[in-house]
Structures are given as structure tokens and as C-alpha cells.
Amino acid sequence: MSLRDLLPEGTFEEILEEAHIAPEELNSDVQNDNEPVKVKCPTCNKEVIYDKSNPFRPFCSQRCRMTELGAWVSNKRFIKGTSLDQDEDGGDINNVEFRSCQDRD
């Protein structure tokens, strides 16, 4: 399986065109790669085939998918950054006038 197989139809060709790459310039291994793409499930590390036939990709199952979602919801997983209190615009979030302006947009 190649990247072309994983992308929506026509997307791979658009990428080649924008990058000014002729299809014949590609490495033949990339074009004719019939091996399925295998990844590890982010939750349980089980090896999973990553393609359109797996509705849970990159996870192995609905259970692992929901386990990961639960970790984000419960703040066990997060993206580090400054708190809203330290952010220069963070004070505006609690400002009623700011919120009402945002609701009008």
C-alpha cells in the first residue's frame, strides 16, 4: 500500500503537481509498494494495518479509540502551553463584552 492509496482520490496527484514532481520521477518503490502500511495502536501498541478498511485507524478497535478519547477528556493527555491567565489575551475570555462581540461574528 502506498501513500496514494491512503489519501482521498486526486489528492496525491495535486501534491505532486504543487511540488513540481513528475510521476515518473518518483522512486519505483513508492509507486509499486504493495505491502500494507503497519502502525502500532497508540493505546495498546498492537500492530495494526493502516488503511481505509480499518474504521478505527490508527487504533486497533473502538475500545482503544474511546480509551484515548477518555484520556484527553479527563486531562490525562494534553498539549502543553501557557495557561489562559498567562496568555496576553487570556483575560478577555472572562470579559463579558468580549464574549458578546464574539457571539455576533
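Structure summary
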item	result
Subset of the range 33-80 (residues that are among the β-branched types (V, I, T) and either more than 16 Å from the chain's Cα centre (by Cα) or surrounded by 14 or more Cβ atoms within 10 Å (Cβ to Cβ) (or both))	V37, V39, T43, V48, I49, T67, V73
Residue list for the range 17-47, filter: of a type in the set (A, V, I, L, M) and at pLDDT below 85	A19, I21, A22, L26, V30, V37
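The values are calculated or read from the model by the stated rules, or taken from the named source; none is laboratory data. Note that this is a predicted model, so its numbers are computed, not measured. A quick note on method: Cβ atoms are made from the backbone with ideal geometry, for glycine too, and the neighbour counts reach across all protein chains shown.
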